[in-house]
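Presented below is the structure to which this report refers.
The values are calculated or read from the model by the stated rules, or taken from the named source; none is laboratory data. All of these numbers come straight from a predicted model, not from anything done at the bench. All Cβ positions, glycine included, derive from the backbone under ideal geometry; neighbour counts span all protein chains shown.
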Amino acid sequence: MAVVGHRHARHIMAFQGGAPPAPSQHAILTAAVAVPYFQVVPPQDVQPDRPIGYGAFGVVWSVTDPRDGKRVALKKMPSVFQNLVSSKRVFRELRMLCHFKHDNVLSALDILQPPHIDFFHEVYVLTELMQSDLHKIIVSPQPLTSDHVKVFLYQILRGLKYLHSARVLHRDIKPGNLLVNSNCVLKICDFGLARIEEPDENIHMTQEVVTQYYRAPELLMGAKHYSYSVDVWSVGCIFAELLGRRILFQAQSPIQQLDLITDLLGTPSDSAMRTSCEGARAHIKRMAHKQPSLAALYTLSNQATHEAVHLLCRMLVFDPLEYLMFISGKKRIKATDALAHPYLDEGRLRYHACMCKCCYSTNSGRRYTSDFEPTCSQPFSYGFEDSLTSCHRVKEKLHKFILEQQKNNEVPLCLNPNSISFKTFASSQVAQPAELPPSPHAWE
Ligand SMILES: [Zn+2]
């Protein structure tokens, strides 16, 4: 547990019962109480803090944790309580980050403790630092072997199976939200759009989700209700992008997005469009009938083997719905079933041979875990949102939640207002609306 202290040093001092030590000149993070000298990193070893990314809901910096000298990611979520929707979204994301415990899903290492509630406007969360993401890797000139593709896809599905078992739909799976470290370990991040699965089909869900290129056809066609399979569609698009090193369906608008999908999959049947809105159905019917051209997937790269294309075709299925389950091959595959596909056997082997934390090596060989793809022991509950009826209420609950996360055995951290980078960090902004994905097409 750590302390936010840049504006309100008096609150920290009151909380800690003493003045914080003089902060170092460089680092944004500093210990709020004196730490044992052996935990202090020599200044010459400290890399400069620097921004590494930003999105709609926050700014991320690479910083040093002064308690152990490790580089970590510090995410700033500014102006949290401006409106009810965004404040609830931040609260939900923070709870998810604290709930998830899985090697292929990003989780919170620490949350800076908030100041007095009257001064509580921002949230700062520490997570593991990952050097890159799949988008940067795909557009880079570095070669991607078939082993890379398999081990990345294995980890994406392994993380997704865990999220879905927690009853969480991510709703924005895209290469930029798949963080990768130098050992090729991959973690799903950014739960700003995630929500719990909604079993009641009569409850309308927002379509303002998923970056357009990775948006499932049911979302493009205005379905009011959707489920886990929207994430699997996105993974299918990313799988093809890993093979071909280019975006599979790179359209300029949601309508063209749908057209590109039907170019590949053919005109959907009436039953595959039953959740679509009238306008979207009429659009499909106005177009000339298209035959599927799935054989084109073999031309993505020479790594597009029969097994790869077979699995890809099980993910890129127009119809997401479960009721066709008795007609094999007609519905989109689930993350759990995709993991059982033979294409991923080598990825699983490689991951657990040297990359995972669940297996370990002994003198007599590798000891493997009994569960290669664990599920979440406790579903994520969003019952806490029922009482969040105003910004002030969210503020109170979020303040309390952060205080409850305090770990007794950890020295709290605070922001260092005297550090060289602090000014830039404090003024870093979130993405502008123009940089965000386009809204879905208004069919009616
Ligand atoms: Zn393992």
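Against the condition under 29 Å from the mean Cα position of the chain (by Cα), in a helix (DSSP H, G or I) and among the polar types (S, T, N, Q), how does Thr262 come out, does it pass?
yes
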Long-range neighbours under 7 Å by Cβ, at least six apart or interchain, first residue part of a helix (DSSP H, G or I) within segment 346-358, second within 7 Å of the ligand (Cβ to nearest atom): Arg348/Phe372; His352/Cys359; His352/Tyr368; His352/Phe372
Checking Ala304 against (1) outside any helix (DSSP H, G or I); (2) of a type in the set (Gly, Ala, Ser); (3) farther than 22 Å from Gln155 by Cα, which single condition isn't satisfied? (3)
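Taking the condition touching a residue at least 60 places away in the same chain (Cβ under 8 Å), surrounded by fewer than 14 Cβ atoms within 10 Å (Cβ to Cβ) and of a type outside the set (Val, Ile, Thr), does Glu278 pass?
Taking the combined requirement at face value, the residue satisfies it.
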Looking only at segment 333-348, decide whether some residue is away from the ligand (no atom under 16 Å from the Cβ), assigned by TED's automatic domain parsing to the domain that holds Leu248, modelled with pLDDT under 95 and in contact with a Leu (Cβ under 9 Å, 6 or more places away or on another chain). yes
Just name the residue that is surrounded by the fewest Cβ atoms within 10 Å (Cβ to Cβ) out of those in segment 52-81 that are of a type in the set (Phe, Trp, Tyr) and either modelled with pLDDT of 85 or more or closer than 21 Å to Glu410 by Cα (or both). Phe81
Unique match (being closer than 19 Å to Tyr162 by Cα and either touching a residue at least 12 places away in the same chain (Cβ under 8 Å) or among the charged types (D, E, K, R) (or both)) among Ser419, Ser381: Ser381
Here are the criteria: (1) away from the ligand (no atom under 16 Å from the Cβ); (2) modelled with pLDDT of 95 or more. Tell me which single one His352 does not satisfy. (1)
Could you list, in sequence order, all residues of segment 359-369 that are part of a loop (DSSP other than H, G, I, E, B) and within 10 Å of the ligand (Cβ to nearest atom)? Cys359, Tyr368, Thr369
Can you confirm whether Arg393 is more than 16 Å from the ligand (Cβ to nearest atom) and in a helix (DSSP H, G or I)? yes
Test of understanding: among Val210, Val230, which residue is on the phi > 0 side of the Ramachandran plot, at pLDDT below 95, assigned by TED's automatic domain parsing to the domain that holds Ile284 and crowded, with 24+ Cβ neighbours inside 10 Å? Val210
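Give me a count of the residues in segment 370-389 that are within 11 Å of the ligand (Cβ to nearest atom) and surrounded by fewer than 19 Cβ atoms within 10 Å (Cβ to Cβ).
Residues of segment 370-389 within 11 Å of the ligand (Cβ to nearest atom): 370-374.
Retained after the next criterion (residues that are surrounded by fewer than 19 Cβ atoms within 10 Å (Cβ to Cβ)): 370-372, 374.
Selection size over segment 370-389: 4.
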Residue hits (segment 285-300; surrounded by 17 or more Cβ atoms within 10 Å (Cβ to Cβ) and modelled with pLDDT under 95) are none
